[in-house]
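Peer 1: To start, I am sharing the structure in question, which I have written as structure tokens.
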Amino acid sequence: MKTSCILPPVVWLPKQLSVSSWAVPGATAAGWSAELHQQILDMQSGQPTMAELTLPSALLHRVDTSRRWEQVLEQTKKSLPELEPLPRGYLYLRRTTASGVLREGLIALLDLEQYSFEPGNTKPVRQPVPLAVQQVIARAKMREESPLEGSPIRLICKYNQEELFSSLRWYSEQAPCLYQGELILSGGHLQAWLVEDSQLEQQITHLFASKDGELVMVPVEGQEALAGAAAHWQCCKEEGADLDSPYRYCLVEVGSAFAPEVVKPMHRLVMGIQGLVLEQQLRTWCREQGIEVHSHPVEQAVPLGLMYASWEKWLYLKDKAGLPGVCLLEAFLADYLALHPMCSRDAVQEKEELEELTQYGHTGVLLTLSGEQLLKGIQAAGVMPAASFAPASIAESRFELECRSLMGLER
């Protein structure tokens, strides 16, 4: 029997909602700091703000974390009377980022019974890369104590944009807009519609009903928050919680893996080896593994760009499993570095930074990665290497705006 990964949520919002004063970048976005958190609080001072109800990951393991979390809990309880629940239903989001990219999303409840962060699992929703255990434990504890959840979690699914959003686009042209406004910190413009069409709601729910062993979605933002929610739910079950408990579900945003820029690759810096030598070693390793290496683009081959000072060369690797370039490169580096302990590697997000570092006798490797390739890599390898893709920046991250009650009044 097929079971859907998602259900329509009951979303809570402020009675008087201002997007610019309420919404904040996702708690797990790259670039958070105590200074930025205070800056946002100052910017949104005097108005209800999610900044008072969230604790960014960058502030989770500090000497003042307990004090900050107590303040968040206190403010959350004070804010509850200012919030109200919407009718149960999915939310359709349209966000135009500052760079002009249109990002569509679906706010839904994820059934945590359909998710696992264990490597090699066959659940329809799987963790893409290894997790920071300390972050997971902290998020699980916070979920246990808070009466409300926001959501920094964004997942990408196997459906293309037409399959996922065509009916929702049509619906948004007929239905009133729930909210719209400008996001702070160059986050772009955000619009949302509440889906109050029962037939469309059923269509969406059935779309995410999966077969056994089928990969449907992976998280690309808020991974520790999602794993923390799942870990907490496992504890609840062990203590005899009802299977319809609100803790079984988690508020998420779902997008298409085929949308532009849903993930951005992390490149690699290999220290202690020159570019031509690395190329020769890589070619030898690929030959031993039965991986084809081409010097021009070939269908289903993945590109790797080698950089050393002013020298740059692209290779195109094609293996039978169709693994992403980062999987092939990391497999090679694991073997090579084991034999050459004086060499090492690091992950670098920006190409410009990588170019600069290659001026000092190190070799850079440029990688590419799309949402579609990420799904294929997890399906084939079970889990991707650490730092396969870059964490979302403050401006490009999912913004936390919607809330959900964990008090047992509704899922």
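The values are calculated or read from the model by the stated rules, or taken from the named source; none is laboratory data. Keep in mind it's a predicted model, so treat the numbers as computed, not measured. With ideal geometry, Cβ positions are generated from the backbone for all residues, glycine too; neighbour counts draw on all protein chains shown.
Peer 1: Report yes if some residue within the stretch 269-289 is crowded, with 16+ Cβ neighbours inside 10 Å and within 23 Å of the chain's Cα centre (by Cα); otherwise report no.
Peer 2: Within the stretch 269-289 (the criterion being crowded, with 16+ Cβ neighbours inside 10 Å and within 23 Å of the chain's Cα centre (by Cα)), the answer is no, since none of the residues qualifies.
Peer 1: Return the total of residues in the stretch 305-330 being aliphatic (A, V, I, L, M) and within 24 Å of the chain's Cα centre (by Cα).
Peer 2: Matching residues across the stretch 305-330 total 4.
Peer 1: What number goes with the only condition from (1) buried (at least 21 other Cβ atoms within 10 Å of the Cβ); (2) over 25 Å from PRO25 (Cα atoms) that LEU155 does not pass?
Peer 2: Result: LEU155 passes all but (2).
Here's the yes/no breakdown for (1) assigned by TED's automatic domain parsing to the domain that holds GLY31; (2) out of contact with any helix residue (DSSP H, G or I) (no Cβ under 8 Å at 6 or more places or on another chain); (3) surrounded by 22 or more Cβ atoms within 10 Å (Cβ to Cβ); (4) closer than 30 Å to ALA241 by Cα:
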{"position": "GLY322", "(1), (2), (3), (4)": "no, no, no, no"}
{"position": "ALA338", "(1), (2), (3), (4)": "no, yes, no, no"}
{"position": "ALA347", "(1), (2), (3), (4)": "no, yes, no, no"}
{"position": "GLU350", "(1), (2), (3), (4)": "no, yes, no, no"}
{"position": "GLU355", "(1), (2), (3), (4)": "no, yes, no, no"}
{"position": "TYR360", "(1), (2), (3), (4)": "no, yes, no, no"}
{"position": "THR363", "(1), (2), (3), (4)": "no, no, yes, no"}
{"position": "LYS376", "(1), (2), (3), (4)": "no, yes, no, no"}
{"position": "ALA387", "(1), (2), (3), (4)": "no, yes, no, no"}
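Peer 1: Of the residues that sit in the stretch 378-394 and are over 14 Å from the mean Cα position of the chain (by Cα) and among the β-branched types (Val, Ile, Thr), which one is farthest from LEU131 (Cα to Cα)?
Peer 2: Top of the filtered list is ILE378.
Peer 1: Quick check on the stretch 100-118: of everything there that is surrounded by fewer than 22 Cβ atoms within 10 Å (Cβ to Cβ) and in contact (Cβ under 8 Å) with a residue 60 or more places away in the chain, which residue is nearest to TRP233 (Cα to Cα)?
Peer 2: Ranking the qualifying residues of the stretch 100-118, first place goes to GLU113.
Peer 1: Quick one: MET407 ticks every box in (1) over 30 Å from PRO81 (Cα atoms); (2) touching a helix residue (DSSP H, G or I) at 6+ places or on another chain (Cβ under 8 Å); (3) surrounded by fewer than 21 Cβ atoms within 10 Å (Cβ to Cβ); (4) not basic (Lys, Arg) except a single one, so which number is it?
Peer 2: Just one mismatch for MET407, condition (1).
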